[in-house]
Ligand code: COI
């Protein structure tokens, strides 16, 4: 399989839409920056790579991705340093993960040159779209099957896009979660560890039912015992029990979150004890009853560090009234933000100037 870098052509917009943006009022994921990157995979190699004005794409109703779900994506963010430079965070990890997801769905790997040159050029071109205050530029690489065909087989052709949107907080309030007792997100041997579009589609019904009951999302339990906490679907989860950070271990059924990995690394740097292990929902309820459940929070690119105020389990709300005083998640979230915006030393080499 060829991994030759195709020539990257750039067609710039004649008029930027940036001036129409009211920075403070942008809903997450609804306004897109001026340009997008697109590359095509055909005849066993990456053929064409270009940056063009953001816009609609033409597709046939027979597009294979729509029928058989060969579609994977990523979530990453660009930040602005105090000096105004555009910065990226751990883009190598996103590159590796999109190809792990692609491998799981029988899709050819995206070449590093295609991914990185498209990403860098796009961020350079739309750097003005990176909010300067609290926000960031959310980056969504999306890779899908492009054959026009009815018939179950891996596609021969693919499209890879990168689009970006200026965003603020994904959750504007502490999050209320309900344990899902009716549905499962993933099982061993399935696609739970991959960032595939179908995982998110499969979560929607449970999420919708959770919202109808007044919660923001569900906590997924493992598919075999219906006992061990997996993730939330929009983010990985962690708890502080008696001053120890406890998080579900990566069993192959949950997403290997880049924010999760960064947070655990920073906690360890701070000398905090971190346990990656099976965490049952009963353990969390028991810790709550004993008064030693100090914090619960989510970790994700979109969600960042999202404090959890309520966990509903078996009809009972476990409410954390101390959410405003979550010391551990607040400290790690602050450290992470400072690294991402180059306000402090980046001892792990996670940040790249674009
Ligand atoms: C992300 O955090 O980047 C995601 O893809 C989660 C999605 C629900 C916005």
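Couple of notes before you dig in:
- Residue 354 passes every criterion in (1) free of Cβ contacts under 8 Å to residues at least 60 places away in the same chain; (2) outside the structural domain of residue 284 (by the TED database); (3) touching a helix residue (DSSP H, G or I) at 6+ places or on another chain (Cβ under 6 Å) apart from (1).
- For region 37-64, the candidate set comprises residues that are surrounded by 22 or more Cβ atoms within 10 Å (Cβ to Cβ) and within 22 Å of the chain's Cα centre (by Cα); within that set, the residue that is nearest to the ligand (Cβ to nearest atom) is 37.
- Flag for residue 204 being surrounded by fewer than 17 Cβ atoms within 10 Å (Cβ to Cβ) and either within 14 Å of the ligand (Cβ to nearest atom) or touching a residue at least 60 places away in the same chain (Cβ under 8 Å) (or both): yes
- Restricting region 22-36 to residues that are in a loop (DSSP other than H, G, I, E, B) and either touching a residue at least 40 places away in the same chain (Cβ under 8 Å) or not assigned by the TED database to the domain that holds residue 143 (or both), the residue that is farthest from the ligand (Cβ to nearest atom): 34
- Only one of the listed residues (120, 76) is touching a helix residue (DSSP H, G or I) at 6+ places or on another chain (Cβ under 9 Å), under 26 Å from residue 17 (Cβ atoms) and within 16 Å of the ligand (Cβ to nearest atom). That residue is 76.
- Residues that are crowded, with 19+ Cβ neighbours inside 10 Å and part of a loop (DSSP other than H, G, I, E, B), drawn from region 146-169: 146, 147, 155
- Only one entry in 278, 255, 221, 237 is farther than 21 Å from residue 96 by Cβ and within 15 Å of the ligand (Cβ to nearest atom), namely 237.
- Set 135, 84, 69, 151: member being on the phi > 0 side of the Ramachandran plot and touching a strand residue (DSSP E or B) at 6+ places or on another chain (Cβ under 8 Å): 69
- Residues that are buried (at least 21 other Cβ atoms within 10 Å of the Cβ) and either within 30 Å of residue 281 (Cβ to Cβ) or more than 14 Å from the ligand (Cβ to nearest atom) (or both) within region 131-145 comprise 144, 145, listed in sequence order.
- Of all residues in region 321-333, those that are surrounded by fewer than 19 Cβ atoms within 10 Å (Cβ to Cβ) and under 19 Å from the mean Cα position of the chain (by Cα) total 0.
- Annotation note: Cβ proximity below 8 Å between a residue of region 94-113 that is crowded, with 22+ Cβ neighbours inside 10 Å and a residue that is modelled with pLDDT under 95 (sequence gap 6+ or interchain) occurs for 111/3; 111/4; 111/5.
- Hey, residue 179 away from the ligand (no atom under 14 Å from the Cβ), at pLDDT 95 or above, buried (at least 20 other Cβ atoms within 10 Å of the Cβ) and not assigned by the TED database to the domain that holds residue 106 or not: yes
- Flag if residue 75 is touching a residue at least 12 places away in the same chain (Cβ under 8 Å), surrounded by fewer than 17 Cβ atoms within 10 Å (Cβ to Cβ) and within 22 Å of residue 134 (Cβ to Cβ): no
- Among the criteria (1) surrounded by fewer than 16 Cβ atoms within 10 Å (Cβ to Cβ); (2) not in a loop (DSSP other than H, G, I, E, B), the one residue 83 does not fulfil is (2).
- Test: residue in region 230-247 that is modelled with pLDDT of 95 or more, assigned to a helix (DSSP H, G or I) and either farther than 30 Å from residue 269 by Cα or under 16 Å from the mean Cα position of the chain (by Cα) (or both): no
The values are calculated or read from the model by the stated rules, or taken from the named source; none is laboratory data. Treat the numbers as computed from the prediction; the structure is a model and nothing was measured. Don't worry about glycine lacking a Cβ; one is built from the backbone with ideal geometry, like all the others, and counts go over all protein chains shown.
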